[in-house]
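Before any comments, here is the structure.
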Amino acid sequence: MYRVVFSNGDDGLAGTFALGKSYTGEEAIELHVHGSPRSVSSLVDLCIEAGARFARPGEFSERAFLNGKLDLSQAEYVNDTVRATTERQLSLANEGRNGALHQAIKRIESILERHLATIEASVDFSEEIGEADTEQLSHDLVPIQAEIDDLIRNAERGRFIREGMRIAIVGKPNAGKSSLLNRILGVQRAIVTEIAGTTRDYVEESCELAGIPCVLIDTAGIRESEDLVECIGIQNARIQAARADLVWYLFDSTIGITIEDQNEMKSFTTPLWMIPTKSDVTGVEDGISSYTGEGLDRLISRISEWVPDISGVVPNRRHRICLLSTAASLNAIQEGIANNHPDDLLVTHYRSALHELGLITGSSASDDLLDRIFRDFCIGK
Ligand SMILES: Nc1nc2c(ncn2[C@@H]2O[C@H](COP(=O)(O)OP(=O)(O)OP(=O)(O)O)[C@@H](O)[C@H]2O)c(=O)[nH]1
Ligand SMILES: [Mg+2]
């Protein structure tokens, strides 16, 4: 770091990075200035006059990728690190950025490449070296398939931690839905009255529950109604329930579960928890009270039991799709070996498996795919 005086009169620090030592791998210089908008903008103007330009979104990470400082998955986890809002998101992003997925994929690739070389040699030089021992290859593929299945499972289990979870609060009018939303948020977000049918439009708010980024959706109480506005609200409640990852179906414990509740619940395909409310009045077991706060800790800890705490390699949605295709190719290889298919067919399946894995690390990614991924980054990353 050097202390420098800029020609706009401000002073600051300049850090220099030798070739290969900076984030992008290029020779670089970083200027640290006083943060006033005026000082920054005049310095930026000076840099632009001298031939600099603004970076595109993700350009630094893209250059780091192209220069081999990061693989594509690590670059994606850089983006996750920047965007992390919860502790658990940050720790998954850190694992990925440090190369957990990259290393797993590289290990699998090197084994598949070895298999491919064996089969290709036997295709080209069958007279000299004889047939490939496909039984051995099939045997060696089994642990690889298990590893890929584990990665796919982790991607699915990690989805709520990575992407958050939508919870729809549903039930009959006056069940206490809006009161629960307000109690969890700690603010009077939705109107609460003793009039049945108070909530019409659904109310959506983000919060963190059990370390999971959640969106809570308070909806209109469901009942038969002649009122057009209320009917639309009820229809929206059902749509929100269908779109959610979890439904909290609230019922008033002073009334109990009614036939209407039972019929309504049957129509939901989203995972559903029945939650008795107003336990301050009835003392019902496993109930909640938005008045006293009773049962809310239990409700929230139920979320952490429901969303498994995972660590280690957690692939994202994109990686998962590539892993599913890889798994399909590996299955095709096993089937081909079991049915004595010609070796060049096996070669094709090995190649497509390697291609899919290369989409994760970026080695077989097209410019188009790279563009799509890096465009989603923040400017300056
Ligand atoms: N004793 C008690 N009363 C509650 C509790 N929660 C809500 N209430 C009361 O129940 C009534 C209805 O509460 P809301 O939260 O508006 O119920 P809702 O399910 O949103 O009702 P709609 O919007 O009409 O569908 C209000 O008078 C609340 O004060 C609770 O935990 N204990
Ligand atoms: Mg309400």
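The values are calculated or read from the model by the stated rules, or taken from the named source; none is laboratory data. Just so we're clear, the structure is a prediction, and the values are computed from it rather than from any experiment. Cβ coordinates were reconstructed from backbone atoms using ideal geometry, including for glycine residues, and neighbour counts include every protein chain displayed. For accessibility, only protein heavy atoms count, side chains too; no ligands or nucleic acids. Shrake-Rupley method; radii C 1.70, N 1.55, O 1.52, S 1.80 Å.
Annotation: amide H-H contacts under 5 Å for Ile275 (H modelled 1.01 Å from N, sequence separation of 5 or more, or interchain): Tyr249, Leu250, Phe251. Sorted largest first, the spans of the alpha carbon positions of segment 169-296 along the three principal axes are 35, 31, 28 Å. Divide the volume of the convex hull around the Cα atoms of the chain by the residue count and you get 221 Å³ per residue.
For the chain, with only Lys/Arg (+1) and Asp/Glu (-1) charged at the beta-carbon, what is the dipole magnitude about the Cα centre, in debye rounded to 20?
Details: 37 positive and 59 negative charges, 276 e Å.
The dipole magnitude comes to about 1320 debye.
Run the numbers on segment 220-319 and let me know its relative contact order in percent, using alpha-carbon pairs under 8 Å that are six or more apart. Each step should come with its number before you reach the end.
Working: 97 pairs, mean separation 18.2, N = 100.
18 percent.
Counting charges near Asp80 (Lys, Arg +1; Asp, Glu -1) among other residues having Cβ under 15 Å from its Cβ returns a value of +3.
If you restrict to DSSP beta bridges whose two residues both lie in the chain, what percentage is antiparallel, to the nearest 5? Walk me through the numbers before you get to the answer.
Numbers: 17 of 33 bridges.
Taking every DSSP beta bridge with both residues in the chain, the antiparallel ones total about 50 percent.
Annotation: amide H-H contacts under 5 Å for Gly312 (H modelled 1.01 Å from N, sequence separation of 5 or more, or interchain): none. Near Glu109, once Lys and Arg are set to +1 and Asp and Glu to -1 for all other residues with Cβ below 15 Å from its Cβ, the sum equals -1. Of all lysines in the structure, the ones whose alpha carbon falls short of 23 Å from that of Lys381, not counting any fewer than 8 places away in one chain, are Lys21, Lys69. Accessible area per residue for segment 93-232, computed on protein heavy atoms with a 1.4 Å probe, is 51 Å².
Rounded to a whole number, what % of the accessible area of segment 219-259 do carbon and sulfur atoms account for, probe 1.4 Å?
56
Note that segment 65-122 shows a convex hull volume over its alpha carbon atoms of 77 Å³ per residue.
Please give the net charge around Pro57, taking every other residue with its beta carbon less than 11 angstrom from that of Pro57, where Lys and Arg add +1 and Asp and Glu add -1.
Numbers: positive: Arg56, Arg375, Lys381; negative: Glu59, Glu62, Asp371, Asp376.
Net charge in that neighbourhood comes out at -1.
Taking the empirical scaling 2.2 N^0.38 Å for compact globular proteins as reference, segment 266-310 has a Cα radius of gyration ratio of 1.34.
What list of ³J(HN,Hα) couplings, whole Hz, do you get for segment 330-342 from phi and the Karplus terms 6.51, -1.76, 1.60, once you set θ to phi - 60° and write x for glycine and proline? Those phi angles translate into 5, 4, 4, 5, 4, 5, x, 5, 4, 9, 6, 5, x Hz.
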